[in-house]
There are 2 protein chains.
Amino acid sequence: MADLKVTFLKVYSVLKKELLEDPAFEWTDDSRQWVERLQAYFLVLDDIMDNSHTRRGQPCWFRVPKVGLIAANDGVLLRNHIPRILRKHFRDKAYYVDLLDLFNEVEFQTASGQMIDLITTIEGEKDLSKYTLSLHRRIVQYKTAYYSFYLSVACALVMSGEKLDNHIDVKNILVDMGIYFQVQDDYLDCFGAPETIGKIGTDIEDFKCSWLVVKALEHSNEEQKKVLYENYGKPDPANVTKVKALYNELNLQVVFEEYESKSYEKLITSIEAHPSKAVQAVLKSFLVKEE
Amino acid sequence: MADLKVTFLKVYSVLKKELLEDPAFEWTDDSRQWVERLQAYFLVLDDIMDNSHTRRGQPCWFRVPKVGLIAANDGVLLRNHIPRILRKHFRDKAYYVDLLDLFNEVEFQTASGQMIDLITTIEGEKDLSKYTLSLHRRIVQYKTAYYSFYLSVACALVMSGEKLDNHIDVKNILVDMGIYFQVQDDYLDCFGAPETIGKIGTDIEDFKCSWLVVKALEHSNEEQKKVLYENYGKPDPANVTKVKALYNELNLQVVFEEYESKSYEKLITSIEAHPSKAVQAVLKSFLVKEE
Ligand SMILES: [Mg+2]
Ligand SMILES: [Mg+2]
Ligand SMILES: [Mg+2]
Ligand SMILES: [Mg+2]
Ligand SMILES: [Mg+2]
Ligand SMILES: [Mg+2]
């Protein structure tokens, strides 16, 4: 572990710096920013498939006049730039092929997660009885956690000469972290102010397998369950209002706050159990709250 | 070249055979079939972006009920299987990383070609005066020729230990071949029977930079040009009829037949100039007419 401790943070910052110098990308000094750049491809396609309206307070790319469904190809072009950047900077390194494998694997995991997410919300296939914590976890793990949490750290590990098979613990922590952040995202979709979250949440209308509906089903009696089955996933604001009223009745805000602080403590404990202080620092940097 | 001559055809058939054994794919013994499998990703997305109705006589994937725009993710999943197959079969080979680079490069070329194609047909950007033989060539070269003609042969070259930089002549022939086939495709879109080509052509309605409209512009006097400018790219069948009448007036069928036989001869000549008989055989196999 001595090696890793020394090289990990160094490599992590070298990776960031080299990518920063690529004129095709505008990196900022914020480590979340470069993760977000890699997300662009997935988000552009996701907004098309979810028929979304806004993304970070702006119209989704495919909603921009003269773009439309060409956005699908623009997404692919964004994706094609990842191996081009990697090739430009790292073609001669021993780990180059492992980086390519990593990106390919993570892309496949993400697309698989998207698939599970999408097929649960198809008209005619909607079934609330399938919405459990384990389905929620599977969707989030695949469609979000690997690319937005695991990928950047795995890159740094690969580039510091580590075999990813030796770092399953790091992977597990990052997956748990992805789930922790997605639960917050699910919560804010309903309870966050649109000005703060930069969009109008539509998880209820869209029949999303949100952490909130899973918890609501878990805490509901038969009568309350009936309210959910009758109102979840309908576009009419009257239905949405009934679902939100039930969420309040079930005190989901309190359930969330308890989940949030418990998960945070658990994550900190797992991170501090890691033998490398450098790895601990990288993992903790992900936990810093936004704003 | 002695090496190449021996290994080329062997590797080509090994590649096909190994991929044939992958249960994820249903390969037939037809070499065009495996090329088509790799095309699936591009075609699924292309049909969405072109708002097409049918593909090979069947509804486009995104038009199938319960699929819709989820098709975009299905396309990505098809694409994700390419590196998975390559990894499964070739991870330990010295050429593995070159195969990955090749696929990434060709995907980027294809998406770039799609982009040029798509931005010429955006509402508000349509401009017939841009439709020249050189634009037609650029679009076809990037969006079609690399992935459907160059890629499979380049794979075989890489796997036989060749450096692609030493085979620019093969690449050029394959690009020319791609253009030759696309001109036929453009021709059939207008003059082919829907039962034969498996779809109803809409290049005229879609304002496509087809070889036919390029040739029509080339052979038109001012009055005929006016007919094109007034009727090309409009959905109304009356406009389409006028364009087709002009194509007939300009004898484009004859112009096409001349182009076709001249191009065929030129391709055969370039192929026969290649020093390797094995490479000649592979290249000629692409020229066999369908049906
Ligand atoms: Mg979405
Ligand atoms: Mg989505
Ligand atoms: Mg959300
Ligand atoms: Mg098309
Ligand atoms: Mg197209
Ligand atoms: Mg066509």
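The values are calculated or read from the model by the stated rules, or taken from the named source; none is laboratory data. Small disclaimer: the values here were computed from a predicted structure and weren't measured. Here Cβ is always computed from backbone atoms with ideal geometry, including for glycine, and neighbour counts include all displayed protein chains. The accessibility values were calculated without ligands, DNA or RNA, using every heavy atom of the protein model including side chains. Shrake-Rupley method; radii C 1.70, N 1.55, O 1.52, S 1.80 Å.
Just a few scattered comments:
- Other copies of B:Lys163: label-to-label distances in nm, shortest first, labels 7 Å along the beta-carbon direction: 3.2
- Computed 3J(HN,Hα) for the stretch A:72-82, one whole-Hz value per residue from the Karplus formula 6.51 cos²θ - 1.76 cosθ + 1.60 where θ = phi - 60°, is 4, 5, 4, x, 4, 5, 4, 4, 5, 6, 4, glycine and proline marked x.
- Scanning residues 5 or more positions from B:Arg55 or on other chains, those with amide H under 5 Å from its amide H are B:Cys60, with H placed 1.01 Å from N in the peptide plane.
- Over the stretch B:126-263, Cα pairs under 8 Å with separation of 6+ residues give a relative contact order of 23 percent.
- Signed unit charges on C-beta, dipole axis of the protein assembly as shown, positive-most listed residue B:Leu217, A:Val97, B:Val140: A:Val97
- For B:Ala238, inter-copy label distances in nm, listed shortest first [label point 7 Å out on the Cα-Cβ vector]: 4.6
- Computed from Cα positions, the angle between helix A:237-249 and the longest principal axis of chain A comes to roughly 80 degrees.
- For chain A, a simple Cβ point-charge model (Lys and Arg +1, Asp and Glu -1, everything else neutral) yields a dipole of about 640 debye relative to the Cα centre.
- For chain B, relative contact order (Cα pairs under 8 Å, six or more residues apart, normalised by length) works out to 19 percent.
- For the protein assembly as shown, the Cβ-based charge dipole about the Cα centre amounts to some 940 debye (Lys, Arg positive; Asp, Glu negative; other atoms uncharged).
- With 26 Å as the limit, the listed pairs A:Lys93/A:Lys284; B:Lys130/B:Lys234; B:Lys88/B:Lys284 have A:Lys93/A:Lys284; B:Lys88/B:Lys284 beyond it between alpha carbons.
- When the pairs A:Lys143/A:Lys242; B:Lys126/B:Lys225; B:Lys199/B:Lys226; B:Lys126/B:Lys215 are compared against a 26 Å limit on Cα-Cα distance, A:Lys143/A:Lys242; B:Lys199/B:Lys226 fall above it.
- The angle separating the long axis of helix A:96-119 from the principal Cα axis of greatest extent in chain A is about 0 degrees.
- Using a 7 Å projection from Cα along Cα-to-Cβ, the label point at A:Lys88 is separated from the same position in the remaining copies by 3.4 nm, smallest value first.
- Compared with the dominant Cα axis of chain B, that is its longest principal axis, helix B:277-287 is turned about 30°.
- Summed over the residues of chain B and divided among them, the accessible surface reaches 48 Å² per residue at a probe radius of 1.4 Å.
- Phi-based couplings in Hz for the stretch A:203-210 (Karplus 6.51, -1.76, 1.60; Gly and Pro marked x): 4, 5, 4, 7, 6, 6, 7, 7
- Solvent-accessible area buried by pairing A with B, both sides, nearest 100 square angstrom, 1.4 angstrom probe: 3100 Å²
- Taking the square roots of five times each eigenvalue of the Cα gyration tensor of chain B, the equivalent ellipsoid has semi-axes of 35, 24, 16 Å, listed largest first.
- Between the stretch A:219-291 and the stretch B:238-291, the Cα center-to-center distance that results, in Å: 62 Å
- Farthest towards the positive end of the charge dipole of the stretch A:217-291, among the residues A:Tyr259, A:Pro275, A:Leu287, is the Cα of A:Pro275, using unit charges on the Cβ of Lys, Arg, Asp and Glu.
- Inter-part distance where the stretch B:141-166 and the stretch A:69-85 are each reduced to a Cα centre, Å: 21 Å
- At least 40 Å² of accessible area lost relative to the chain alone, listed for the stretch A:53-77 with a 1.4 Å probe: A:Lys66, A:Leu69, A:Ile70, A:Asn73, A:Val76, A:Leu77
- Magnitude of the charge dipole, the stretch A:39-166, Cβ model with Lys/Arg +1 and Asp/Glu -1, debye to 20: 400 debye
- Taking only protein heavy atoms and a 1.4 Å probe, the accessible area of the protein assembly as shown is 53% carbon and sulfur.
- Remark: C-alpha extents of the protein assembly as shown on the principal axes read 78, 59, 42 Å, sorted largest to smallest.
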